[in-house]
1. Per Stokes-Einstein, at 37 °C and 0.692 mPa s, what whole-number D in µm² s⁻¹ belongs to the stretch 435-575, with the Kirkwood radius over Cα pairs as the hydrodynamic radius?
2. Which shape class applies to the stretch 41-112: rounded if a/c is under 1.5, otherwise prolate when a/b exceeds b/c and oblate if not, where a ≥ b ≥ c are the square roots of the Cα gyration tensor eigenvalues?
3. For K20, go through the lysines and keep the ones whose alpha-carbon is under 18 Å away, minus same-chain ones fewer than eight residues off.
4. Counting only DSSP beta bridges with both residues in the chain, tell me the antiparallel percent, nearest 5.
5. Tell me the carbon and sulfur percent of the accessible area for the chain, rounded to whole percent, probe radius 1.4 Å.
6. Determine, at each q value in 0.10, 0.15, 0.19, 0.20 (inverse angstroms), the log₁₀ of I(q)/I(0) that the Debye formula gives when each Cα of the stretch 1-153 is one equal point scatterer.
7. Per DSSP helix of 4 or more residues, -39500 (n - 2.57); summed, then divided by the residues of the chain. What does that give at 222 nm, rounded to the nearest 500?
8. Would you please give the FRET efficiency between E538 and K313, computed as 1/(1 + (r/R0)^6) with r the Cβ-Cβ distance and R0 = 25 Å, to the nearest 0.05?
Amino acid sequence: MLSDELLKKILRETKTFDSKGLKQLEKEMRDHDPDMTFEAFLLKEKKMPEEMLYRIAAQFYKLPFVSLREKPIRRDVLFLIPEQIAASHKLVAFDRTENELSVATLEPTDLQTFEFIKRKTNLKLVIHYTNPSSFDQALKQYRQSLSAELGALTSVPAKDEESIDPSEERELSKLAEDIPIIRVVDSILEHAILEGASDIHIEPTEKDVVVRFRVDGVLRPVMTFPQLVAAGIVARIKILSNLKLDEHRLPQDGRFKIENQNYKFSMRVSILPVQDGEKIVMRLLSETASALTLDQLGFRPETQEIMMRNIKKPHGIILVTGPTGSGKSTTLYSILGILNTPQVNISTIEDPIEYRMEGVNQSQVNPKIGFTFAGGLRALLRQDPNVIMVGEIRDEETAGIAVQAAMTGHLVLGTLHTNDAATSLPRLADMKVPLFLIAYTANLIVGQRLVRKVCQNCLRSYRLQKHAIDELRKEMDIDAIWKTLRDHKFVEKDQKIEDTNFWRGSGCNQCDNDGYKGRMGIYEVLEVSTTISNLINENASADKIKQQAIEEGMITMLEEGFMKAIKGATTLEEVLRVTKD
C-alpha cells in the first residue's frame, strides 16, 4: 500500500493530476470518509483500477511494470527467493536467464534486500514494479508447488499396513515426524491462511485424501493427496493437538496454535472416525484479528442508530440469532468493542474464545470438568459485571440465569439458533423462561445471515427477465418487498423491478474466477417496543410479533438483501441462497 504523501507525490510528479485536482480529490475524500487512505479512496470510490494506479507508480520509479496475475512461474525460478523472504520483503522472482534474475517488487527502494538476493543467487537483478493483487497471486504459486512436493512423497517407499501397526503409538509418532509429512501439513495450514479459509476439511477416501477449504462460507476442493500419506497427516495433527495417537475408534477434539511475524492463529481440531479412516476438520481462529465496526459488518445507518440506542441501555438482553456460521459471534464482539471502556466491567463465557479482546474478561467453557455455560454464568454474576456475554444460550438453565441477570441490572448479550429475529422470543418461552420476564428484559433482537460480496474488480450489471421475475413471485411476495424499497426511498417511486439493475461478478483472478470476494451481513433488527412487549405477554406467535415489528418499520433480512443486491454489494442469487428456510 502506498502512503498518502507518497501517492500524492507520484500523481503530481507523473502529471496524472495537478495541484488543483489533488486538492479537489482530498476534499472529496475528507467529505466521504476522513479515515480512508488516499489509495483506498481512489480505488474504491473513484473506481481507478489497481493495475493502472501501480503502472503510474512504476513510471515514477522509472521501472518496468509487470503483471504476474496470469504468469506461471517455473518452480526453480520461484524458489530462488524463499517464500518467507518473498512474503516479508514483498518481492518475487518470476524469470531468469543465464546471468540475470527478473524480480517483481512492491518495495522498489529496498536496496538492502536486493543486494542480499544478488549475492545469494550470484545473478544480476532486473527489478520490475507490480501491484498488490498481482503480487498476492504470485505468492500463491508457492502453495501450488505443493503438488511437486508430494510427487516426491509418492516415490518414497510407502510404509504399508503390514509394516505399520496403527495401534502402535511409537510407530505413529515416528511417522508423524517424517519430513515430507511435516511439509504437507505445514503447507496445508499456510495455504489455508493465505486463502482466508475459516475451516480446513481433510477427508480420507478409498484411494485419496481430499483437502477442502471453506472460504467465504463455501467449501471448495483445493488439493488431493495419495492415500499413503493419510496415516501420517492424522498422526501429525494429533501430535500438534496433544491427542491420543492410538485412538481410532472414538471422536477426539483438541487445539493448537501456529504463529509467525505476520499472523497468529488458534486451530480448533475435531477428528471423527469414518469408513476410510479419520476425517479432520480444523477451524481457524485469528488471534490478531480486531473487532469490526457495525459499519464494516454491513449494518445500514438506520439500523446502526437502533443498535446504538439499545447498546447504551444499562440493563436488558440483546440477542443475535441465526444458523451456525452466520457471523453471530462477530456481531457480538463488535458490540463489545463499543462497550469496552475502562469504566465498564465486561465478562464473557464462550465456546470457543474466537477473538481475544484486551480489557474483557473472557472464559472458555470446559464441560469435561463441569464448567458449563450455566455454571460459568453463575460465577460471572459474582464478579461484579456491568456487561455479560453468553456465547450461546442453548438450554433452559442458561436461559433462565441470563434473563435473571438482565432483570437485576446487567446488560446481557447472547446468541440463539433461530431462523429470524421474531422466532427468538417464543424460543425463550420454550426454554421455560416466564413470558413476563422475556417481555420485561428483551431490548433488541438481531437476525442475520452472511452473504458473499460481489468482486468489485469484475462487477457487471444485468436486469431480470420476465421468466426470472415470475419465478421470484412463486417464492416470495415481490410486490410487498418492492413497496418497502419504495417507502424507504431505495428505489424511485415509479421504478419497476424489470427496469432495475442487479449485479454479479464475471470472474477474474482477484476473486479466483468465481465473482465473489469477502462476505458481509444482511440483518433484521427487531426493537422490542411496548406493543411487542404486550404481544410477548400474551404469548403471541412469532408471525404476529414479526408482523407488528414490520408495521413499526423493521426491514426483514430478505428486504435488506434486495437493497444490497441493487446497490451492487452482493448478488440476488446469494440473498436467495442464504434466506431460504
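The values are calculated or read from the model by the stated rules, or taken from the named source; none is laboratory data. The structure presented is a predicted model; accordingly, all values stated were derived computationally and were not measured. For neighbour counting, all protein chains shown are included, and Cβ atoms are generated from backbone atoms with ideal geometry for every residue, glycine included. To get the accessible areas, we keep the full protein, side chains included, count just its heavy atoms, and leave off ligands, DNA and RNA. Shrake-Rupley method; radii C 1.70, N 1.55, O 1.52, S 1.80 Å.
1. 195 µm²/s
2. Because a/c hits 1.5 or more and a/b exceeds b/c, the stretch 41-112 counts as prolate.
3. K8, K9, K46
4. Of those bridges, close to 65 percent are antiparallel.
5. Numbers: 14000 of 29240 Å².
That share works out to 48 percent.
6. Evaluating at q = 0.10, 0.15, 0.19, 0.20 Å⁻¹ gives log10 I(q)/I(0) of -0.42, -0.82, -1.12, -1.20.
7. Values: 24 runs with 236 residues, N = 581.
Rounded to the nearest 500, the figure is -12000 deg cm²/dmol.
8. Numbers: r = 24 Å, r/R0 = 0.95.
That pair, E538 with K313, gives E of 0.60.
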